[in-house]
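What follows is a set of notes on a single structure, which appears directly below.
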Amino acid sequence: MAAGFAQWGNDLYTGRRSYDIVGKRRRWYAVSAVLLLISVVLLITPGLNPGIEFRGGSEFTVSDVDEVDQGLATRTVQEVAPDEVPRVTTVGGDSLRIQTSQLEQQQVQQVTDALATAFDVPEQQVTSNYIGPAWGRDVSQKALTGLGVFLLFVAAVMTLYFRNWRMAVAALVALAHDLVITVGLYSGVGWEVTPATVIGFLTILGYSLYDTVVVFDKVRENTADTLDQTRFTYAEKANLAVNQTLVRSINTSVVALLPVASILVVGAFILGAGTLRDIALALFVGMVVGTFSSVFIATPFEVTLREREPRIREHTAKVLALRAGTAGPDGDAGEPALTGAQRATGALRPGGHQGQAAQPRRKSR
């Protein structure tokens, strides 16, 4: 199996095998549009579930209970504060976390005593604290500020590095795509948004950008001589770059997702709600979406922008005319047309050279 995967990757790199990812970009745009629409709907309803760090309130933790009964915790809190609708979460296998709005000091003590009595634990095993919403607002503002600075820095660096603002725009579109879908799917799961979640959201931007830059670097290498030849279009050369980096993108994603998935399983099903679970879910969804966007969105969108340039558009028309067998702009006869099968199975090689058919060996006399 490993040998087969290696051969598949080698075929993609050499051009013997090819997937028309760029040519079918409208299909990927449609898939992304559906995912974005679903994410926006999930952000509206049910919407994000802010944690106590962002909304503020009182929090109680009951440790080492014999029976984890969330209903009992809810009823106990409501006996002291009837108007409260507490959020009860199991932490680990023997602890409960109860969150409420801000309670008076007297109510906090009454709830602490009531929880100790209800779960038959010493009062020392029931801890309470108050978290003000100002801290959450400060975290949110700093996160948005950091995001804005990050995006501006990315746009400037990529424009200078690739000497092409269209790649910077395509990378930013891919980043926005990843962030909206990740936040939307996180909202659909219904888990609380904590500072760890925000860290996860910001981390996936760096991961997505890294993968996109690797693909774009290959695109730049393959398309450097596009206008100097009339055999292949810009889109076909960019598509070769995507195929050449496809195996690398898959390998990088698998290697990154395996430990994150392990952390997610441990955090969600063994330790219960907590920092590990929150950040792992954001990272897992973001990495999957980031891999998709770096392959199916970033480069196809960059090609869409480049094909709006007059010189690229004219070159594409010239190549297609020559391929169809009609006379080119210089009046020369066109070359024989390449079929779709030829282009997909080896007509295009790294560096823009046409693949040579294997010649039969001469028998030695």
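Okay, here's what the table says:
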read-out: Looking only at the stretch 277-313, and only at residues there that are of a type in the set (D, E, K, R) and touching a residue at least 12 places away in the same chain (Cβ under 8 Å), the one that is nearest to THR203 (Cα to Cα); value: ASP278
read-out: Selection count, the stretch 9-30, where residues are touching a residue at least 12 places away in the same chain (Cβ under 8 Å), assigned to a helix (DSSP H, G or I) and either of a type in the set (Lys, Arg) or loosely packed, with under 13 Cβ neighbours inside 10 Å (or both); value: 1
read-out: The stretch 189-231: number of residues that are in a loop (DSSP other than H, G, I, E, B) and either among the β-branched types (Val, Ile, Thr) or closer than 30 Å to PHE269 by Cβ (or both); value: 4
read-out: THR316, sole failed condition from (1) modelled with pLDDT under 90; (2) farther than 14 Å from VAL214 by Cα; (3) among the hydroxyl-bearing types (Ser, Thr, Tyr); value: (1)
read-out: Meets criteria (touching a strand residue (DSSP E or B) at 6+ places or on another chain (Cβ under 9 Å), on the phi < 0 side of the Ramachandran plot and assigned to a helix (DSSP H, G or I)) for TYR186; value: yes
read-out: Conditions (1) closer than 12 Å to VAL65 by Cβ; (2) over 39 Å from the mean Cα position of the chain (by Cα); (3) not aliphatic (A, V, I, L, M): number failed by THR90; value: (2)
read-out: Tally of residues being in a helix (DSSP H, G or I) and polar (S, T, N, Q) across the stretch 31-47; value: 2
read-out: ARG163 closer than 27 Å to ARG306 by Cβ, among the basic types (Lys, Arg) and at pLDDT below 90; value: yes
read-out: Cross-chain or 6+ apart pairs with Cβ under 9 Å, the stretch 196-210 first and under 12 Å from ALA256 (Cβ atoms), then aromatic (Phe, Trp, Tyr); value: GLY206/PHE150
read-out: Yes/no for VAL65 being crowded, with 17+ Cβ neighbours inside 10 Å and at pLDDT 90 or above; value: yes
read-out: Single condition VAL139 does not satisfy, out of (1) outside the structural domain of PHE216 (by TED's automatic domain parsing); (2) in a helix (DSSP H, G or I); (3) closer than 16 Å to ILE52 by Cα; value: (1)
read-out: ARG248 in a helix (DSSP H, G or I), in the same structural domain as LEU305 (by TED's automatic domain parsing), modelled with pLDDT under 90 and surrounded by fewer than 23 Cβ atoms within 10 Å (Cβ to Cβ); value: yes
read-out: Residue under evaluation GLU104, criteria (1) of a type in the set (Asp, Glu); (2) surrounded by 14 or more Cβ atoms within 10 Å (Cβ to Cβ); (3) without any contact (Cβ under 8 Å) to a residue 12 or more places away in the chain, criterion not met; value: (2)
read-out: Criterion violated by GLY71 - all others in (1) surrounded by fewer than 17 Cβ atoms within 10 Å (Cβ to Cβ); (2) small (Gly, Ala, Ser); (3) in contact (Cβ under 8 Å) with a residue 40 or more places away in the chain satisfied; value: (3)
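The values are calculated or read from the model by the stated rules, or taken from the named source; none is laboratory data. These figures come from a predicted structure and were not determined experimentally. So basically every Cβ, Gly included, is an ideal-geometry build from the backbone, and we count neighbours across all protein chains shown.
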